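Worksheet for the structure shown next.
The values are calculated or read from the model by the stated rules, or taken from the named source; none is laboratory data. Since the model is a prediction, treat every value here as computed from it, not as a measurement. Here the Cβ positions follow ideal geometry from the backbone for every residue, glycine too, while neighbour counts run over all protein chains shown. Note: areas computed on protein heavy atoms with side chains; ligands, DNA, RNA excluded. Shrake-Rupley method; radii C 1.70, N 1.55, O 1.52, S 1.80 Å.
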Amino acid sequence: MSEPSEPRDTHEPAGLIERDRAGFVEQDRAGFVEEDKVTDWWSTAVSRIRPGEILLRGYPVEQLIGRITFAEQIWLLLRGELPTPVQGRLLEAALVAAVDHGPQAPSIAAARMAATCGVGLNSAVATGAGLLGDTHGGAGQQCMEVLARIVEGAEPAELVREFKERKAYVPGFGHRFHPHDPRRDPLLDLVREAVAAGEVPGRALAAGLALEEALSAGRTKPVPMNIDGATAIIYAELGFPPELGRGLFVLSRSVGVLAHAWEEYEGGARIKGPLPRPLLAGYHGVAPRDLPVRPVPGPAVVPATKATA
């Protein structure tokens, strides 16, 4: 008579096949997983959170509170080290300059409309920020990519010709209604100061000014740099990649989105559309017409069968 088998622990996983770190974690024969293989799933160098402890890039948060600016905190989290005072000032200037451009900006208008539709404030902000794409919000990143080509040796005049042949706008230059963007000069002045102090190399600034000159050549009216071009120069000089340049713009503009959404909440308006209520959207479709007379469908006729005949 065979000996009875030992009772099996029903809590022990059995027969599970796990993939490696590209998918899941491996299990040993008993079904247990090494702790670090689980905790390293979301391993990060940005922060460490423990009971009673919050480290941000190695610094205890209580040592950062009240001692660094928000712009310096952004730099620290993105870059891993604190910026120099000049670097922090440049980053903060770029963030301040791009916070808002009024309800005529689609992202702001959409956030305000969302705020009147009964969604939460977070959803209204997400609505506005979600509209910041390649056309509305992406020019800074695109300009940084163009500046990088010039720094690497491309001729500004050739790049302008290339954009003209494609009938495309040169990102970072010109504006819909600012003949001269009021944010350009103070931002570029700060970059010049940083270059003179040896804090940034100045290559992106030189590239941007050369591109501005090439773009205005042969025109009766110049095409000055706008906020996207000026902040692109700052972010490039500070060593941010183009993708982060867009991310920083979204972060900045989200402040304006939040302010406008909150203003609509405070106003108490309901279901505010893109046009004031007395006005209706234009129509360019077919003129009003009547539906032709059509036979009214009757009840369906079921053909008789032997069973029903």
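Between Arg277 and Leu209, what is 0.36 nm times their sequence separation minus the Cα-Cα distance? Round to one decimal in nm.
19.9 nm
Percent antiparallel among DSSP beta bridges with both residues in the chain, to the nearest 5?
90 percent
Beyond 15 Å, what share of the Cα-Cα pairs of segment 161-243 is found? Please give it as a whole percent.
Working: 2001 of 3403 pairs.
Roughly 59 percent, rounded to a whole number.
Using the heavy atoms of the protein chains and a 1.4 angstrom probe, tell me the accessible area per residue for segment 196-299 in square angstrom.
Normalised by residue count, the accessible surface of segment 196-299 is 64 Å².
Determine how large the accessible area of Trp262 is when every protein chain is in place; take a 1.4 Å probe and give Å² rounded to the nearest 10.
Counting only protein heavy atoms, the figure is 130 Å².
Output ³J(HN,Hα) for segment 155-172: one whole-Hz value per residue in order, computed from phi by the Karplus curve 6.51 cos²θ - 1.76 cosθ + 1.60 with θ = phi - 60°, and x for Gly and Pro.
Per residue, the Karplus-derived 3J(HN,Hα) values read 7, x, 4, 5, 5, 4, 4, 4, 5, 5, 5, 8, 6, 10, 6, 7, x, x Hz.
Along the positive direction of the dipole of the chain (beta-carbon charges: Lys, Arg +1; Asp, Glu -1; about the Cα centre), which of Pro106, Trp41, Ile65 reaches farthest?
Towards the positive end, the residue furthest out is Pro106.
Taking all protein chains in place and a 1.4 Å probe, what share, in percent, of the accessible surface of the chain do carbon and sulfur account for?
58 percent
Taking the Cα centre as origin and putting +1 on Lys and Arg beta-carbons and -1 on Asp and Glu beta-carbons, what dipole magnitude results for the chain, to the nearest 20 debye?
It works out to roughly 1880 debye.
Return the sequence-ordered ³J(HN,Hα) values of segment 69-78 in whole Hz as given by the Karplus equation 6.51 cos²θ - 1.76 cosθ + 1.60 applied to θ = phi - 60°, using x for Gly and Pro.
7, 4, 4, 5, 5, 4, 4, 4, 5, 7
Express the accessible area of segment 50-126 per residue in Å², computed with a 1.4 Å probe while the remaining protein chains stay in the model.
Values: 3970 Å² over 77 residues.
The answer is 51 Å² per residue.
Once both labels are modelled 7 Å past Cα along the beta-carbon direction, what's the Glu243-Cys117 spacing in nm?
3.0 nm
In terms of the Cα gyration tensor, with a ≥ b ≥ c the square roots of its eigenvalues, is segment 219-309 rounded because a/c is under 1.5, prolate because a/b exceeds b/c, or oblate?
In terms of gyration-tensor shape, prolate.
Under the rule a/c < 1.5 gives rounded, and otherwise a/b versus b/c splits prolate from oblate, where does the chain land using the Cα gyration tensor?
Here the chain falls in the oblate category.
Quick one: putting +1 on the C-beta of Lys and Arg, -1 on the C-beta of Asp and Glu, what dipole do you get for segment 234-309 around its Cα centre, in Debye to the nearest 20?
The calculated dipole for segment 234-309 is roughly 620 debye.
Is the shape of segment 26-103 best called rounded, prolate or oblate, per the rule: a/c under 1.5 gives rounded, else a/b larger than b/c gives prolate, else oblate, with a ≥ b ≥ c the square roots of the Cα gyration tensor eigenvalues? Display every interim value, and only then the final one.
Working: a/c = 3.38, a/b = 2.30, b/c = 1.47.
Prolate, since a/c reaches 1.5 and a/b exceeds b/c.
Full extension from Arg79 to His101: what is 0.36 nm times the residue separation minus their Cα-Cα distance, to one decimal in nm?
Extending this stretch completely gives an extra 5.1 nm.
Phe173's amide H: which non-local residues (gap 5+, or another chain) put their own amide H closer than 5 Å, with H modeled 1.01 Å from N in plane and none for Pro or chain starts?
Amide H neighbours of Phe173, under 5 Å, 5+ apart: Asn226.
Can you give the net charge of the other residues whose Cβ lies under 9 Å from the Cβ of Arg112, counting K and R as +1 and D and E as -1? Could you put the intermediate results ahead of the total?
Numbers: positive: Lys272; negative: Glu263, Glu264.
Counting the neighbours of Arg112, the net charge comes to -1.
Using unit Cβ charges (K, R positive; D, E negative) and no other charged atoms, how large, in debye to the nearest 20, is the dipole of segment 147-198 about its Cα centre?
300 debye
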